[in-house]
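The structure appears below as structure tokens.
The values are calculated or read from the model by the stated rules, or taken from the named source; none is laboratory data. This is a predicted model, so every value here is computed, not measured. Don't worry about glycine lacking a Cβ; one is built from the backbone with ideal geometry, like all the others, and counts go over all protein chains shown. These accessible areas exclude ligands, DNA and RNA; they are computed on the full protein's heavy atoms, side chains included. Shrake-Rupley method; radii C 1.70, N 1.55, O 1.52, S 1.80 Å.
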Amino acid sequence: MFDVLIIGGGVSGMSCALVLGSAKNKAFVTDKKIGIFTHQKNSSLQEAIFYNAYGITPGKLGSELLTESTQDLAENYPHITQIANEKVIRIEGSYPEFTVVTNKNSYQTKSIVVGIGSANTFNIDGLMQFVEPHKKALPEKQRIQLKNDDHKVADGIYVIGTLAGWRSQLAIAAGSGAAVATDILTLWNNGVQTHAHDSIR
């Protein structure tokens, strides 16, 4: 049983995983089981190049970031389970007992974070009732988002990045993933507002 499963290995999903991973030494996190589906084939980063993203060397390819992010997560936070080459097709159950079904396996989790793109090809059974037109995308793009209130779709289900209704900018997607990670940390810390900072002190 996972405490949280993150669906999506792009910017928002990896950002969420990195923040959760960085909190590993907090007493209320040490026993938490965290997993992320790192399926990246359809990520918009595959065709991206960055010149306007803070902290990223100008000219960096999105495809390089995708590869480096899974390597960095494995190196720095090996306690986070990376599930590669599996596509989520269905979510069953309700909080705190969800089953996430992929094209290969099924997994039990208490909470779910959905961080895949906003393409109208979205097709995860169990979430389709939350789909609505994207409020910050051009209508001709036919983008979608999941109905949410500050990233929360329903008890135990969160959405991040462009699928949460944010614009398609790396910094926005990363911030969205980090925001939900701190919401989950706060939940795990019995409602006490919580964040995780790396420090040289």
Suppose we filter S94, S106, S118, S111 for residues that are of a type in the set (S, T, Y) and more than 19 Å from F2 (Cα to Cα); which single one remains? S118
Residues in the range 20-71 that are touching a Gly at 6+ places or on another chain (Cβ under 9 Å), free of Cβ contacts under 8 Å to residues at least 40 places away in the same chain and either among the hydroxyl-bearing types (S, T, Y) or farther than 21 Å from A119 by Cβ (or both): how many? 1
Looking at the range 17-29, can you tell me whether even one residue there is hydroxyl-bearing (S, T, Y), under 23 Å from G191 (Cα atoms) and not in a strand (DSSP E or B)? yes
Taking the range 114-146 only, how many residues are of a type outside the set (S, T, Y), modelled with pLDDT under 95, within 18 Å of R90 (Cα to Cα) and open to solvent by less than 40 Å² (accessible area, probe 1.4 Å)? 2
Name the single residue that is surrounded by the most Cβ atoms within 10 Å (Cβ to Cβ) among those in the range 167-185 being hydrophobic (A, V, I, L, M, F, W, C) and in contact with a Phe, Trp or Tyr (Cβ under 7 Å, 6 or more places away or on another chain). V180
Flagged pairs (Cβ under 9 angstrom, 6 or more apart or on separate chains; first in the range 122-145, free of Cβ contacts under 8 Å to residues at least 60 places away in the same chain; second part of a strand (DSSP E or B) and polar (S, T, N, Q)) are F130/Q145; V131/Q145; E132/Q145; P133/Q145; H134/Q145; K135/Q145; K136/Q145; A137/Q145
Report yes if some residue within the range 86-93 is more than 22 Å from G175 (Cβ to Cβ), over 17 Å from the mean Cα position of the chain (by Cα) and either among the hydroxyl-bearing types (S, T, Y) or at pLDDT 95 or above (or both); otherwise report no. yes
Looking only at the range 44-68, count how many residues are in a loop (DSSP other than H, G, I, E, B) and either open to solvent by less than 50 Å² (accessible area, probe 1.4 Å) or acidic (D, E) (or both). 4
Does A164 satisfy the condition of being of a type in the set (G, A, S), touching a Leu at 6+ places or on another chain (Cβ under 6 Å), crowded, with 20+ Cβ neighbours inside 10 Å and closer than 12 Å to S12 by Cα? no
Which numbered condition Q71 fails, given (1) under 20 Å from T162 (Cβ atoms); (2) open to solvent by 70 Å² or more (accessible area, probe 1.4 Å): (1)
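Yes or no: K41 of a type in the set (D, E, K, R), loosely packed, with under 15 Cβ neighbours inside 10 Å, outside any strand (DSSP E or B) and at pLDDT below 95?
yes
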